[in-house]
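Notes to accompany the following structure.
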Amino acid sequence: MNTCPRCDSNETKILCESPVKGCWIMYVCPVCTFTWRSTEPESITNPELYNPRFKVNPSDMSKYQIHPAIALRRS
């Protein structure tokens, strides 16, 4: 599996795949919630090329704001 470009976690998972087989795969990191597609440029997908200003230390995750729940759709 891929290493997360943002936090360097090895826990990434496949979130979904394109409806057209083989076009792209979307990955998610359960550690830092970063998502990316396999078609992104290497500056996004490669941890070594990912901009260091946007890197996240997994041990700091508890300091960050919790993502709010998405409200139910009104009918």
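Where a number appears in this text, it was derived from the coordinates with a stated rule and is not lab data. Only a predicted model underlies this, so the values are computations on that prediction, with no experimental measurement involved. Positions of Cβ are generated from backbone atoms using ideal geometry, with glycine treated the same way; all protein chains shown enter the neighbour counts.
Once divided by 2.2 N^0.38 Å, the Cα radius of gyration of the stretch 1-54 becomes 1.09. Count Lys and Arg as plus one, Asp and Glu as minus one, and take only other residues whose Cβ is under 14 Å from that of TYR50; the net charge is then -1. Please find the FRET efficiency linking ARG37 to ILE66, where r is the Cβ-Cβ separation and R0 is fixed at 30 Å, and quote it to the nearest 0.05. E(calc), rounded to 0.05, equals 0.75. Each residue of the stretch 45-55 is assigned a 3J(HN,Hα), and the resulting list reads 8, 9, x, 6, 9, 5, 4, x, 5, 9, 5 Hz, derived from the Karplus form 6.51 cos²θ - 1.76 cosθ + 1.60 (θ = phi - 60°), x at Gly and Pro.
Distances between placed amide hydrogens fall under 5 Å for LEU15 paired with MET26, TYR27, VAL28, all partners being 5 or more residues away or on another chain. Normalised by the number of residues in the stretch 1-54, the average gap of Cα pairs under 8 Å and 6 or more apart makes the relative contact order 30 percent.
In summary, the lysines within cross-link reach of LYS13, defined as a Cα separation below 23 angstrom excluding same-chain residues under 8 places away, comprise LYS21, LYS55. Given R0 = 30 Å, the distance between the Cβ atoms of LYS13 and ASN57 translates into a calculated FRET efficiency of 0.90. Computed from backbone phi, the HN-Hα couplings of the stretch 19-36 come to x, 8, 3, x, 6, 7, 10, 9, 10, 9, 9, x, 7, 10, 6, 6, 10, 7 Hz, rounded to whole numbers (Karplus: 6.51 cos²θ - 1.76 cosθ + 1.60, θ = phi - 60°; Gly and Pro given as x). Per-residue ellipticity at 222 nm from helix content only, as computed over the chain with -39500 (n - 2.57) for each DSSP H run of at least four residues, stands at -1000 deg cm²/dmol. A simple rule links phi to the HN-Hα coupling: the Karplus curve 6.51 cos²θ - 1.76 cosθ + 1.60 with θ = phi - 60°, which for the stretch 60-73 gives 8, 4, 5, 7, 8, 5, 6, 5, x, 5, 7, 5, 5, 6 Hz, with x for Gly and Pro.
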